Amino acid sequence: RSHEGLRRMVCRSIEVENFRNIAHATVSFSDGVNVLYGQNAQGKTNLLEAVSLASVGRSFRGAKEADMIAFGQEYASVGVDYRRDGKEKEQNITMRLFRTRKRVVEQNKVRLSRMSEMIGQYRTVLFCPEHLSIVKEGPALRRNFLDVAISQLRPLYLSTLQRYNKVLAERNKLLKDAARDMRTFRNTIEFWSAQLADGASVIARMRAEYLSGISGHVKDCFKDMTGGREE
């Protein structure tokens, strides 16, 4: 399975409108290394945020959708043309954000009914200074990092994670209301606990598989960084 995540995927171009401080821009990329440069506050990081948004459906800065819409505008749009798996035919993902209604996502001009249908179609790997918190801070950030990475590779993981979070919310509500409604608690707690355990086991197994798959690459990188002196 690990080779699936290593297939080449190239972002060919991106078009954004009313996205943060970018009124309108179309940027084309080469197949190799691309460098964005310019003065402060010109929108370099905002453009990278847009590239990532079209991949995982949320801001890597943790911003709300309304925060990504330019001041005084009612909508923002991000469209990415990309190539995947060595195929020459370009694909497209377009996302439109609105202040007063739900976002709209299209793949190749076909509207998607759920965000989960988009995840994994156009894969990105992001590294930014904020990611140092994955090492420095608590385990919740590390779990979130794994969730984003694995969801792009394994649709089953994303659906299991979404279901797990719903079950967890229901079980927490049941525990909160137990003193007021002990009968419902006794009749349903075993069901919700079993559902929670089933989802947790799948999530834990997939996380372990992912970590096992990348551990060799991490060891090679670390050995190269330290000249072979450390593992």
For this session: Mind putting together the pair-distance distribution for region 132-218? All Cα pairs, 10 Å bins, whole percent per bin, short to long.
Result: 15, 38, 27, 15, 4, 0
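Taking the Cα centre of region 86-200 as origin and charging only Cβ (+1 Lys, Arg; -1 Asp, Glu), how large is the dipole, in debye to the nearest 20? Could you put the intermediate results ahead of the total?
Numbers: 23 positive and 12 negative charges, 93 e Å.
Value, rounded to 20: 440 debye.
Two decimals, Cα atoms only, Kirkwood Rh: what is Rg/Rh over region 1-135? Mind showing how you got there, number by number?
Working: Rg = 14.9 Å, Rh = 15.7 Å.
So for region 1-135, dividing Rg by the Kirkwood Rh gives 0.95.
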Problem set entry | Cα-based helix-to-principal-axis angle, 182-225 vs the chain, degrees rounded to 10 | 40 degrees
Exercise. What is the dipole size for the chain, taken about its Cα centre, with +1 at each Lys and Arg Cβ and -1 at each Asp and Glu Cβ, in debye to the nearest 20?
Worked result: 640 debye
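Where does each of PHE29, PHE127 land when they are ordered by accessible area, with a 1.4 Å probe and the largest first?
Working: PHE29 35, PHE127 155 Å².
Correct descending sequence by accessible area is PHE127, PHE29.
When the accessible area of the chain is computed with all protein chains present and a 1.4 Å probe, what percentage of it is carbon and sulfur? Intermediate results must be reported in sequence, preceding the final value.
Numbers: 8040 of 15230 Å².
Roughly 53 percent, rounded to a whole number.
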Seminar exercise, completed: With ARG99 itself left out, Lys, Arg at +1 and Asp, Glu at -1 over residues whose Cβ is under 9 Å from its Cβ give -1
For this session: Might you work out the accessible area of LEU174 for me, using a 1.4 Å probe with all protein chains in place, and round it to the nearest 10 Å²?
Result: 20 Å²
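My understanding is that a pair violates if its Cα-Cα distance is over 24 Å; which of LYS136/LYS166; LYS87/LYS109; LYS64/LYS102; LYS89/LYS219; LYS44/LYS219 do that in this structure?
Details: LYS136/LYS166 29 Å; LYS87/LYS109 19 Å; LYS64/LYS102 12 Å; LYS89/LYS219 35 Å; LYS44/LYS219 32 Å.
Checking Cα-Cα distances, LYS136/LYS166; LYS89/LYS219; LYS44/LYS219 exceed 24 Å.
Determine the order of MET115, MET68 by accessible area, beginning with the largest, at a probe radius of 1.4 Å.
Details: MET115 60, MET68 5 Å².
From most accessible down to least: MET115, MET68.
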Problem set entry | Cα-based convex hull volume of the chain per residue, rounded to whole Å³ | 186 Å³
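From the gyration tensor of the Cα coordinates in region 93-173, what semi-axes in whole Å does the equivalent ellipsoid have, largest first, with each one equal to sqrt(5λ)? Numbers along the way, then the final one.
Numbers: eigenvalues 120, 74, 39 Å².
Computed over region 93-173, the values are 25, 19, 14 Å.
Please state, rounded to one decimal and in Å, the Kirkwood hydrodynamic radius that region 174-231 gives when every pair of distinct Cα atoms enters the mean of 1/r. It would help to have the intermediate numbers written out before the result.
Numbers: mean 1/r = 0.0668 Å⁻¹.
The answer is 15.0 Å.
Grab the other residues whose beta carbon is less than 12 angstrom from that of ASN34, score K and R as +1, D and E as -1, and report the net. Please report the intermediate quantities before stating the final value.
Working: positive: ARG12, LYS44; negative: ASP31.
Combined, the nearby Lys, Arg, Asp and Glu give +1.
In debye, nearest 20: dipole of region 1-81 around its Cα centre with unit charges on the Cβ of K, R (+) and D, E (-)?
Here the size comes out at about 340 debye.
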Exercise. Considering only ALA200, GLN107, SER55, whose Cα is most displaced toward the positive end of the charge dipole of the chain, charges sitting on Cβ of Lys, Arg (+1) and Asp, Glu (-1)?
Worked result: ALA200
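The values are calculated or read from the model by the stated rules, or taken from the named source; none is laboratory data. This is a predicted model, so every value here is computed, not measured. Please note: Cβ atoms are built from the backbone with ideal geometry, for glycine as well, and neighbour counts cover all protein chains shown. Protein only, heavy atoms only, side chains kept; ligands, DNA and RNA dropped before computing areas. Shrake-Rupley method; radii C 1.70, N 1.55, O 1.52, S 1.80 Å.
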